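Following: one structure in C-alpha coordinates, then a few remarks.
The values are calculated or read from the model by the stated rules, or taken from the named source; none is laboratory data. Fair warning: this is a prediction, and the values are worked out from it, not measured in the lab. Cβ placement follows ideal geometry from the backbone for every residue including glycine, while neighbour counts extend to all protein chains displayed. For accessibility, only protein heavy atoms count, side chains too; no ligands or nucleic acids. Shrake-Rupley method; radii C 1.70, N 1.55, O 1.52, S 1.80 Å.
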Amino acid sequence: MEKGAPLPDKPWGGRFQEATDEEVLAYTESISFDQTLWRQDIRGSGAHAKMLVKVGILTGEEGDAILLGLSEIAEEFEKGTFPVRPELEDIHMNIERRLFEKIGTPAHKLHTARSRNDQVALDLRLYVVDEASALVGLLRDLLDVILEKAEGGVDLLMPGYTHLQPAQPITGGYYYLCHAERLLRDLDRVKDVRRRAGISPLGSGALAGTTFPIDRHYVADLLGLQGITGNGLDAVSDRDFAADFLHALSLLMVHLSQWAEEWILWSTSEFSVLEIPDRYMTGSSMMPQKKNPDILELTRGRAGRVLGDYVSLMTLLKALPGGYNRDLQEDKEQLFDAVSVGKRAVSMMTSLCGQARLKEEKLRSRLSSGGLLATDMAEDLVRMGVPFREAHAIVGRIVAHSDKLGLSLSEMSDEDLSRFYEGFPKGYAKCLTPEMAVSRRNHPGGPARERVLERISAIRSILAEFR
(Lines give C-alpha, C1' and ligand atoms only; values in the text may rest on other atoms or scores of the structure.)
Protein backbone atom coordinates (compact mmCIF):
# COMPACT_ATOMS: atom_id res chain seq x y z
CA MET A 1 0.00 0.00 0.00
CA GLU A 2 1.25 3.46 -0.91
CA LYS A 3 3.16 5.15 1.89
CA GLY A 4 2.36 8.72 0.89
CA ALA A 5 4.10 11.90 2.00
CA PRO A 6 4.81 12.36 5.72
CA LEU A 7 2.88 15.04 7.55
CA PRO A 8 4.41 17.84 9.64
CA ASP A 9 5.30 16.77 13.18
CA LYS A 10 2.34 18.82 14.40
CA PRO A 11 -1.21 18.07 13.20
CA TRP A 12 -1.70 21.82 12.97
CA GLY A 13 1.75 22.53 11.46
CA GLY A 14 0.55 23.64 8.01
CA ARG A 15 -0.56 27.01 9.33
CA PHE A 16 2.79 27.91 10.92
CA GLN A 17 5.95 29.34 9.38
CA GLU A 18 8.50 28.31 12.00
CA ALA A 19 9.15 25.35 14.23
CA THR A 20 7.81 25.26 17.76
CA ASP A 21 10.30 26.44 20.37
CA GLU A 22 11.87 23.56 22.32
CA GLU A 23 10.86 25.08 25.63
CA VAL A 24 7.26 25.31 24.41
CA LEU A 25 7.40 21.67 23.33
CA ALA A 26 8.57 20.61 26.76
CA TYR A 27 5.93 22.77 28.45
CA THR A 28 2.98 21.62 26.37
CA GLU A 29 3.64 17.91 25.84
CA SER A 30 1.35 15.39 27.55
CA ILE A 31 2.69 12.10 26.19
CA SER A 32 4.68 11.67 29.43
CA PHE A 33 1.41 10.91 31.22
CA ASP A 34 -1.41 10.51 28.70
CA GLN A 35 0.19 7.40 27.22
CA THR A 36 -1.78 5.75 30.00
CA LEU A 37 -4.70 6.05 27.56
CA TRP A 38 -3.14 3.98 24.77
CA ARG A 39 -5.61 1.12 25.09
CA GLN A 40 -8.59 3.44 24.97
CA ASP A 41 -7.14 5.45 22.08
CA ILE A 42 -6.58 2.33 20.00
CA ARG A 43 -10.08 1.02 20.80
CA GLY A 44 -11.67 4.33 19.91
CA SER A 45 -9.68 4.64 16.68
CA GLY A 46 -10.62 1.10 15.68
CA ALA A 47 -14.31 1.81 16.18
CA HIS A 48 -14.00 5.11 14.30
CA ALA A 49 -12.29 3.34 11.39
CA LYS A 50 -15.06 0.72 11.19
CA MET A 51 -17.64 3.49 11.13
CA LEU A 52 -15.78 5.32 8.34
CA VAL A 53 -15.87 2.11 6.32
CA LYS A 54 -19.58 1.63 7.05
CA VAL A 55 -20.51 5.09 5.75
CA GLY A 56 -18.21 4.82 2.72
CA ILE A 57 -15.48 7.29 3.70
CA LEU A 58 -12.87 4.52 3.85
CA THR A 59 -12.68 1.45 1.66
CA GLY A 60 -12.81 -1.97 3.25
CA GLU A 61 -9.15 -2.48 2.36
CA GLU A 62 -8.18 0.79 4.06
CA GLY A 63 -10.20 -0.11 7.14
CA ASP A 64 -8.55 -3.53 7.38
CA ALA A 65 -5.10 -1.96 7.08
CA ILE A 66 -5.87 0.50 9.86
CA LEU A 67 -7.19 -2.23 12.17
CA LEU A 68 -4.18 -4.42 11.52
CA GLY A 69 -1.81 -1.51 12.14
CA LEU A 70 -3.58 -0.61 15.38
CA SER A 71 -3.33 -4.22 16.50
CA GLU A 72 0.42 -4.20 15.88
CA ILE A 73 0.76 -0.93 17.81
CA ALA A 74 -1.15 -2.41 20.73
CA GLU A 75 1.30 -5.31 20.73
CA GLU A 76 4.19 -2.86 20.83
CA PHE A 77 2.70 -1.16 23.87
CA GLU A 78 2.16 -4.51 25.57
CA LYS A 79 5.80 -5.43 24.98
CA GLY A 80 7.11 -1.99 25.93
CA THR A 81 8.66 -1.43 22.49
CA PHE A 82 6.45 1.41 21.24
CA PRO A 83 8.71 4.33 20.16
CA VAL A 84 7.37 7.30 22.13
CA ARG A 85 8.19 10.66 20.51
CA PRO A 86 7.72 13.67 22.84
CA GLU A 87 7.76 16.10 19.91
CA LEU A 88 4.42 14.59 18.79
CA GLU A 89 2.85 16.02 21.95
CA ASP A 90 0.35 13.38 23.00
CA ILE A 91 -0.71 9.75 22.79
CA HIS A 92 -3.10 10.45 19.91
CA MET A 93 -0.49 11.84 17.54
CA ASN A 94 2.11 9.29 18.60
CA ILE A 95 -0.23 6.46 17.65
CA GLU A 96 -1.31 8.16 14.42
CA ARG A 97 2.30 8.75 13.33
CA ARG A 98 3.27 5.17 14.19
CA LEU A 99 0.28 3.95 12.19
CA PHE A 100 1.47 5.97 9.19
CA GLU A 101 4.91 4.40 9.51
CA LYS A 102 3.28 0.99 9.36
CA ILE A 103 0.53 1.37 6.73
CA GLY A 104 1.09 4.65 4.94
CA THR A 105 -1.69 6.82 3.45
CA PRO A 106 -4.72 5.16 5.11
CA ALA A 107 -3.36 6.41 8.43
CA HIS A 108 -3.76 9.97 7.13
CA LYS A 109 -7.46 9.27 6.57
CA LEU A 110 -8.23 7.96 10.04
CA HIS A 111 -8.73 11.40 11.54
CA THR A 112 -11.50 12.24 9.04
CA ALA A 113 -14.61 13.50 10.88
CA ARG A 114 -12.74 13.55 14.16
CA SER A 115 -10.93 16.15 16.29
CA ARG A 116 -8.48 15.60 19.07
CA ASN A 117 -11.11 17.33 21.20
CA ASP A 118 -13.71 14.59 20.85
CA GLN A 119 -10.99 11.94 20.59
CA VAL A 120 -9.53 12.70 24.02
CA ALA A 121 -13.01 13.09 25.50
CA LEU A 122 -13.81 9.58 24.28
CA ASP A 123 -10.52 8.14 25.51
CA LEU A 124 -11.04 9.60 28.96
CA ARG A 125 -14.60 8.31 29.14
CA LEU A 126 -13.46 4.83 28.12
CA TYR A 127 -10.72 5.02 30.75
CA VAL A 128 -13.23 5.93 33.47
CA VAL A 129 -15.57 3.12 32.38
CA ASP A 130 -12.68 0.61 32.39
CA GLU A 131 -11.26 1.71 35.73
CA ALA A 132 -14.66 2.01 37.38
CA SER A 133 -15.36 -1.57 36.30
CA ALA A 134 -12.04 -2.69 37.75
CA LEU A 135 -12.78 -0.86 41.00
CA VAL A 136 -16.22 -2.47 41.21
CA GLY A 137 -14.49 -5.85 41.13
CA LEU A 138 -11.99 -4.86 43.82
CA LEU A 139 -14.72 -3.47 46.08
CA ARG A 140 -16.74 -6.64 45.68
CA ASP A 141 -13.69 -8.65 46.75
CA LEU A 142 -13.22 -6.45 49.81
CA LEU A 143 -16.88 -6.68 50.72
CA ASP A 144 -16.79 -10.46 50.39
CA VAL A 145 -13.94 -10.59 52.92
CA ILE A 146 -15.71 -8.18 55.28
CA LEU A 147 -18.91 -10.24 55.15
CA GLU A 148 -16.96 -13.40 55.95
CA LYS A 149 -15.49 -11.60 58.95
CA ALA A 150 -18.93 -10.37 59.96
CA GLU A 151 -20.37 -13.86 59.76
CA GLY A 152 -17.49 -15.27 61.78
CA GLY A 153 -17.87 -12.55 64.42
CA VAL A 154 -21.63 -12.72 64.86
CA ASP A 155 -21.23 -14.08 68.42
CA LEU A 156 -18.12 -12.11 69.37
CA LEU A 157 -19.21 -9.62 72.03
CA MET A 158 -17.38 -6.31 72.15
CA PRO A 159 -17.93 -2.70 73.13
CA GLY A 160 -19.10 -0.28 70.49
CA TYR A 161 -17.44 3.13 70.72
CA THR A 162 -18.54 6.71 70.29
CA HIS A 163 -16.10 9.58 70.91
CA LEU A 164 -13.53 6.75 71.38
CA GLN A 165 -15.32 5.89 74.63
CA PRO A 166 -17.06 2.55 75.30
CA ALA A 167 -20.75 3.13 74.60
CA GLN A 168 -22.89 0.00 74.21
CA PRO A 169 -22.32 -3.73 73.67
CA ILE A 170 -22.29 -4.93 70.06
CA THR A 171 -20.79 -7.91 68.23
CA GLY A 172 -17.89 -8.31 65.86
CA GLY A 173 -20.40 -9.09 63.12
CA TYR A 174 -22.21 -5.82 63.73
CA TYR A 175 -18.90 -3.94 63.77
CA TYR A 176 -17.77 -5.33 60.41
CA LEU A 177 -21.15 -4.53 58.88
CA CYS A 178 -20.52 -0.87 59.68
CA HIS A 179 -17.62 -0.89 57.22
CA ALA A 180 -19.58 -3.02 54.76
CA GLU A 181 -22.37 -0.42 54.62
CA ARG A 182 -19.93 2.38 53.85
CA LEU A 183 -18.23 0.41 51.12
CA LEU A 184 -21.57 -0.66 49.69
CA ARG A 185 -22.38 3.01 49.17
CA ASP A 186 -18.96 3.47 47.55
CA LEU A 187 -19.69 0.56 45.24
CA ASP A 188 -23.00 2.09 44.23
CA ARG A 189 -21.35 5.44 43.53
CA VAL A 190 -18.64 3.86 41.37
CA LYS A 191 -21.24 1.90 39.43
CA ASP A 192 -23.15 5.13 38.84
CA VAL A 193 -19.96 6.83 37.65
CA ARG A 194 -19.51 4.03 35.13
CA ARG A 195 -23.06 4.50 33.88
CA ARG A 196 -22.76 8.27 33.45
CA ALA A 197 -19.36 8.06 31.79
CA GLY A 198 -20.54 5.41 29.33
CA ILE A 199 -21.71 7.61 26.45
CA SER A 200 -19.77 8.49 23.33
CA PRO A 201 -18.74 12.06 22.47
CA LEU A 202 -17.11 10.96 19.21
CA GLY A 203 -18.61 12.85 16.30
CA SER A 204 -18.66 16.13 18.19
CA GLY A 205 -15.53 17.15 16.31
CA ALA A 206 -13.80 20.24 17.61
CA LEU A 207 -17.14 21.53 18.93
CA ALA A 208 -19.80 21.52 16.16
CA GLY A 209 -19.58 18.09 14.58
CA THR A 210 -18.75 17.40 10.93
CA THR A 211 -20.26 17.60 7.47
CA PHE A 212 -19.55 13.90 6.82
CA PRO A 213 -22.41 11.37 7.09
CA ILE A 214 -21.11 9.67 10.23
CA ASP A 215 -22.98 7.12 12.36
CA ARG A 216 -22.34 8.04 15.98
CA HIS A 217 -24.62 5.38 17.41
CA TYR A 218 -22.73 2.68 15.53
CA VAL A 219 -19.46 3.79 17.17
CA ALA A 220 -21.09 3.81 20.60
CA ASP A 221 -22.42 0.30 20.04
CA LEU A 222 -19.02 -0.97 18.91
CA LEU A 223 -17.46 0.42 22.09
CA GLY A 224 -20.14 -1.02 24.37
CA LEU A 225 -21.36 2.44 25.39
CA GLN A 226 -24.99 3.21 26.21
CA GLY A 227 -25.53 6.16 23.92
CA ILE A 228 -24.11 9.40 22.57
CA THR A 229 -23.70 12.93 23.90
CA GLY A 230 -26.32 15.49 22.93
CA ASN A 231 -24.31 18.64 22.24
CA GLY A 232 -20.85 18.86 20.75
CA LEU A 233 -19.89 22.13 22.44
CA ASP A 234 -20.62 20.55 25.80
CA ALA A 235 -19.21 17.12 24.94
CA VAL A 236 -15.66 18.25 24.19
CA SER A 237 -15.36 20.18 27.45
CA ASP A 238 -17.42 17.99 29.78
CA ARG A 239 -15.35 16.44 32.54
CA ASP A 240 -18.20 15.90 34.97
CA PHE A 241 -17.66 12.16 34.71
CA ALA A 242 -14.03 12.57 35.79
CA ALA A 243 -15.10 14.78 38.70
CA ASP A 244 -17.74 12.19 39.61
CA PHE A 245 -15.09 9.49 39.70
CA LEU A 246 -12.75 11.59 41.80
CA HIS A 247 -15.62 12.36 44.17
CA ALA A 248 -16.39 8.66 44.51
CA LEU A 249 -12.71 7.85 45.01
CA SER A 250 -12.39 10.61 47.60
CA LEU A 251 -15.28 9.26 49.67
CA LEU A 252 -13.93 5.74 49.30
CA MET A 253 -10.53 6.85 50.59
CA VAL A 254 -12.18 8.74 53.46
CA HIS A 255 -13.93 5.53 54.47
CA LEU A 256 -10.72 3.52 54.22
CA SER A 257 -8.89 6.23 56.16
CA GLN A 258 -11.46 6.13 58.96
CA TRP A 259 -11.10 2.36 59.12
CA ALA A 260 -7.31 2.63 59.06
CA GLU A 261 -7.32 5.18 61.89
CA GLU A 262 -9.51 2.90 63.97
CA TRP A 263 -7.26 -0.10 63.45
CA ILE A 264 -4.12 1.94 64.08
CA LEU A 265 -5.55 2.77 67.51
CA TRP A 266 -6.86 -0.73 68.14
CA SER A 267 -3.45 -2.28 67.38
CA THR A 268 -1.66 -0.12 69.98
CA SER A 269 -0.62 -1.56 73.33
CA GLU A 270 -3.09 0.84 74.95
CA PHE A 271 -6.08 -0.70 73.13
CA SER A 272 -4.55 -4.05 72.17
CA VAL A 273 -7.77 -5.46 70.72
CA LEU A 274 -6.52 -6.09 67.17
CA GLU A 275 -3.79 -8.48 66.06
CA ILE A 276 -2.08 -7.77 62.74
CA PRO A 277 0.29 -10.45 61.38
CA ASP A 278 3.96 -9.49 61.25
CA ARG A 279 4.00 -9.70 57.46
CA TYR A 280 1.69 -6.68 57.38
CA MET A 281 3.77 -4.63 59.82
CA THR A 282 7.08 -2.82 59.52
CA GLY A 283 9.84 -2.02 62.00
CA SER A 284 12.08 0.77 63.13
CA SER A 285 15.64 1.30 61.94
CA MET A 286 16.61 2.28 65.49
CA MET A 287 14.17 0.75 67.98
CA PRO A 288 14.26 -3.06 67.89
CA GLN A 289 10.94 -3.54 69.65
CA LYS A 290 8.78 -1.60 67.19
CA LYS A 291 6.02 -3.10 65.06
CA ASN A 292 4.37 -0.34 63.07
CA PRO A 293 1.07 -0.43 61.10
CA ASP A 294 2.59 1.50 58.21
CA ILE A 295 0.15 0.26 55.56
CA LEU A 296 -2.71 1.65 57.61
CA GLU A 297 -0.89 4.93 58.10
CA LEU A 298 -0.18 5.18 54.38
CA THR A 299 -3.83 4.52 53.61
CA ARG A 300 -4.78 7.29 56.01
CA GLY A 301 -2.21 9.63 54.45
CA ARG A 302 -3.12 8.82 50.85
CA ALA A 303 -6.72 9.74 51.50
CA GLY A 304 -5.50 13.33 51.70
CA ARG A 305 -3.69 12.89 48.40
CA VAL A 306 -6.85 11.73 46.62
CA LEU A 307 -8.86 14.55 48.18
CA GLY A 308 -6.22 16.91 46.79
CA ASP A 309 -6.64 15.38 43.33
CA TYR A 310 -10.37 16.03 43.53
CA VAL A 311 -9.96 19.64 44.66
CA SER A 312 -7.37 20.19 41.93
CA LEU A 313 -9.72 19.05 39.17
CA MET A 314 -12.65 21.03 40.51
CA THR A 315 -10.47 24.13 40.71
CA LEU A 316 -9.37 23.54 37.12
CA LEU A 317 -12.96 23.31 35.89
CA LYS A 318 -14.54 26.12 37.88
CA ALA A 319 -13.77 29.04 35.54
CA LEU A 320 -13.46 27.49 32.06
CA PRO A 321 -15.48 29.07 29.26
CA GLY A 322 -17.48 26.84 26.92
CA GLY A 323 -15.79 24.49 24.47
CA TYR A 324 -12.39 22.88 24.75
CA ASN A 325 -9.58 24.79 26.45
CA ARG A 326 -6.02 23.57 26.83
CA ASP A 327 -6.42 23.75 30.59
CA LEU A 328 -8.19 20.40 30.21
CA GLN A 329 -4.87 18.75 29.48
CA GLU A 330 -4.40 19.08 33.25
CA ASP A 331 -7.39 16.84 34.04
CA LYS A 332 -5.57 13.54 33.64
CA GLU A 333 -2.73 13.30 36.13
CA GLN A 334 -5.05 13.84 39.09
CA LEU A 335 -7.46 11.22 37.78
CA PHE A 336 -4.74 8.68 37.02
CA ASP A 337 -3.18 9.23 40.43
CA ALA A 338 -6.44 8.88 42.36
CA VAL A 339 -7.43 5.74 40.47
CA SER A 340 -4.04 4.14 41.14
CA VAL A 341 -4.07 5.07 44.83
CA GLY A 342 -7.68 3.99 45.32
CA LYS A 343 -7.27 0.60 43.67
CA ARG A 344 -4.10 -0.19 45.59
CA ALA A 345 -5.66 0.87 48.88
CA VAL A 346 -8.71 -1.33 48.35
CA SER A 347 -6.53 -4.29 47.41
CA MET A 348 -4.30 -3.76 50.45
CA MET A 349 -7.23 -3.49 52.85
CA THR A 350 -8.71 -6.66 51.38
CA SER A 351 -5.54 -8.57 52.19
CA LEU A 352 -5.21 -7.02 55.64
CA CYS A 353 -8.85 -7.50 56.58
CA GLY A 354 -8.63 -11.18 55.72
CA GLN A 355 -5.62 -11.71 58.01
CA ALA A 356 -6.15 -9.35 60.95
CA ARG A 357 -7.94 -10.69 64.01
CA LEU A 358 -10.07 -9.05 66.67
CA LYS A 359 -8.87 -10.31 70.07
CA GLU A 360 -11.97 -11.86 71.58
CA GLU A 361 -10.56 -12.23 75.08
CA LYS A 362 -9.41 -8.59 75.19
CA LEU A 363 -12.70 -7.30 73.83
CA ARG A 364 -14.72 -9.34 76.30
CA SER A 365 -12.69 -7.93 79.18
CA ARG A 366 -13.65 -4.42 78.04
CA LEU A 367 -17.33 -5.29 78.42
CA SER A 368 -17.05 -4.81 82.18
CA SER A 369 -16.76 -1.07 81.63
CA GLY A 370 -19.16 0.54 84.10
CA GLY A 371 -21.51 2.36 81.78
CA LEU A 372 -21.98 0.01 78.82
CA LEU A 373 -25.42 -1.10 80.04
CA ALA A 374 -26.61 2.31 81.20
CA THR A 375 -28.86 2.85 78.19
CA ASP A 376 -30.60 -0.47 78.85
CA MET A 377 -31.18 0.54 82.45
CA ALA A 378 -32.64 3.90 81.40
CA GLU A 379 -34.97 2.25 78.89
CA ASP A 380 -36.08 -0.26 81.54
CA LEU A 381 -36.95 2.64 83.83
CA VAL A 382 -39.09 4.08 81.05
CA ARG A 383 -40.93 0.75 80.90
CA MET A 384 -41.52 1.15 84.65
CA GLY A 385 -43.24 4.46 83.98
CA VAL A 386 -40.40 6.93 84.48
CA PRO A 387 -40.18 9.72 81.82
CA PHE A 388 -37.06 9.28 79.76
CA ARG A 389 -35.34 12.50 80.85
CA GLU A 390 -35.85 11.56 84.49
CA ALA A 391 -34.66 8.02 83.79
CA HIS A 392 -31.57 9.42 82.09
CA ALA A 393 -30.72 11.53 85.15
CA ILE A 394 -31.35 8.65 87.57
CA VAL A 395 -29.08 6.29 85.68
CA GLY A 396 -26.42 8.97 85.35
CA ARG A 397 -26.31 9.23 89.13
CA ILE A 398 -26.21 5.42 89.45
CA VAL A 399 -23.26 5.25 87.04
CA ALA A 400 -21.38 7.92 88.99
CA HIS A 401 -22.01 5.97 92.22
CA SER A 402 -20.92 2.66 90.69
CA ASP A 403 -17.71 4.29 89.47
CA LYS A 404 -16.92 5.39 93.01
CA LEU A 405 -17.51 1.83 94.23
CA GLY A 406 -15.44 0.36 91.41
CA LEU A 407 -18.39 -1.80 90.32
CA SER A 408 -20.13 -2.38 87.03
CA LEU A 409 -23.88 -1.77 86.83
CA SER A 410 -24.56 -5.51 86.85
CA GLU A 411 -22.70 -5.78 90.18
CA MET A 412 -24.83 -3.18 91.97
CA SER A 413 -26.86 -4.44 94.94
CA ASP A 414 -30.60 -3.98 95.30
CA GLU A 415 -29.90 -1.69 98.24
CA ASP A 416 -27.61 0.54 96.17
CA LEU A 417 -30.10 0.79 93.32
CA SER A 418 -33.00 1.58 95.64
CA ARG A 419 -31.14 4.68 96.84
CA PHE A 420 -31.78 6.18 93.41
CA TYR A 421 -35.10 4.58 92.45
CA GLU A 422 -37.24 2.38 94.66
CA GLY A 423 -39.08 0.66 91.81
CA PHE A 424 -36.25 -1.59 90.62
CA PRO A 425 -37.30 -5.27 90.84
CA LYS A 426 -35.36 -7.51 93.20
CA GLY A 427 -32.17 -8.85 91.58
CA TYR A 428 -32.58 -6.46 88.65
CA ALA A 429 -28.86 -5.68 88.24
CA LYS A 430 -27.96 -9.33 87.64
CA CYS A 431 -30.23 -9.31 84.57
CA LEU A 432 -28.03 -6.69 82.95
CA THR A 433 -25.63 -8.53 80.65
CA PRO A 434 -23.96 -7.67 77.33
CA GLU A 435 -25.62 -10.71 75.75
CA MET A 436 -29.01 -9.41 76.84
CA ALA A 437 -28.25 -5.90 75.61
CA VAL A 438 -27.38 -7.20 72.14
CA SER A 439 -30.21 -9.71 71.80
CA ARG A 440 -32.86 -7.19 72.87
CA ARG A 441 -31.98 -4.91 69.98
CA ASN A 442 -33.73 -7.11 67.48
CA HIS A 443 -35.00 -4.43 65.12
CA PRO A 444 -33.82 -3.94 61.50
CA GLY A 445 -30.34 -2.44 61.61
CA GLY A 446 -29.79 -3.63 65.17
CA PRO A 447 -26.99 -5.85 66.50
CA ALA A 448 -29.07 -8.91 67.44
CA ARG A 449 -27.63 -12.07 65.96
CA GLU A 450 -30.50 -12.79 63.57
CA ARG A 451 -30.54 -9.21 62.33
CA VAL A 452 -26.82 -9.23 61.59
CA LEU A 453 -27.12 -12.52 59.68
CA GLU A 454 -30.15 -11.14 57.85
CA ARG A 455 -28.20 -8.06 56.75
CA ILE A 456 -25.17 -10.11 55.69
CA SER A 457 -27.48 -12.16 53.46
CA ALA A 458 -29.09 -9.02 52.06
CA ILE A 459 -25.75 -7.44 51.17
CA ARG A 460 -24.62 -10.64 49.48
CA SER A 461 -27.78 -10.54 47.37
CA ILE A 462 -27.03 -6.93 46.43
CA LEU A 463 -23.46 -7.82 45.48
CA ALA A 464 -24.69 -10.63 43.24
CA GLU A 465 -26.45 -8.00 41.11
CA PHE A 466 -23.33 -5.81 40.67
CA ARG A 467 -21.52 -6.52 37.43
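Rolling a 1.4 angstrom probe over the protein chains, ignoring ligands and nucleic acids, what is the accessible area of Leu52 in square angstrom, nearest 10?
Accessible area of Leu52: about 0 Å².
Calculate the FRET efficiency for Ser347 and Met286 from the Cβ-Cβ distance with a Förster distance of 35 Å, rounded to the nearest 0.05.
Once rounded, the FRET efficiency stands at 0.70.
Which residues in region 69-105 place their backbone N less than 15 Å from a point set 7 Å from the Cα of Ser32 along the Cα-to-Cβ direction?
Only 85-91 pass the distance filter.
Only helical DSSP H runs with n ≥ 4 go in: add -39500 (n - 2.57) per run for the chain, normalise by residue count and round the 222 nm mean residue ellipticity to 500 deg cm²/dmol.
-19500 deg cm²/dmol
Find the Cα radius of gyration of region 352-467, compare it with 2.2 N^0.38 Å by division, and give the number to two decimals.
Taking N as the residue count of region 352-467, the ratio is 1.36.
Restricting to region 115-241, what percent of DSSP beta bridges are antiparallel, rounded to 5?
75
For region 42-141, which whole-number percentage of the solvent-accessible area (1.4 Å probe, protein heavy atoms only) is attributable to carbon and sulfur atoms?
For region 42-141, the apolar C and S fraction of the accessible surface comes to 50 percent.
For the chain, report the convex hull volume of the alpha-carbon atoms normalised per residue, in Å³, without decimals.
200
Give the cross-link partners of Lys54 among the aspartates and glutamates, using a straight C-alpha distance below 14 Å as the criterion and excluding same-chain residues fewer than 8 apart.
Straight-line reach from Lys54, under 14 Å: Glu62, Asp64, Asp215, Asp221.
Need one number: % antiparallel among DSSP beta bridges in the chain, to the nearest 5.
Approximately 80 percent, going by the DSSP bridge assignments.
Rolling a 1.4 angstrom probe over the protein heavy atoms, how many square angstrom per residue are accessible across the chain?
48
If the only charges are +1 at each Lys and Arg Cβ and -1 at each Asp and Glu Cβ, what is the size of the charge dipole of region 310-467 around the Cα centre, to the nearest 20 debye?
That gives a dipole near 400 debye.
May I ask which residue of Pro277, Phe241, Trp263 lies farthest towards the positive end of the charge dipole of region 208-293, with charges of +1 (Lys, Arg) and -1 (Asp, Glu) on Cβ and the Cα centre as origin?
The listed residue farthest towards the positive side: Pro277.
Where does the Debye-calculated log10 I(q)/I(0) of region 47-199 sit at q = 0.17, 0.18, 0.19 Å⁻¹, using only Cα point scatterers of equal weight, no solvent?
Normalising to I(0) and taking log10 leaves -1.03, -1.10, -1.16.
Leaving out ligands, DNA and RNA, and with a 1.4 Å probe, what % of the accessible surface on region 168-305 is carbon or sulfur?
52
Probe 1.4 Å, all protein chains in place: accessible area of Glu333 in Å², nearest 10?
Using a 1.4 Å probe on the heavy atoms, I get roughly 90 Å².
Of Lys149/Lys359; Lys50/Lys191; Lys291/Lys343; Lys318/Lys343; Lys291/Lys359; Lys191/Lys343, which sit over 19 Å apart, Cα to Cα?
Beyond 19 Å between Cα atoms: Lys50/Lys191; Lys291/Lys343; Lys318/Lys343.
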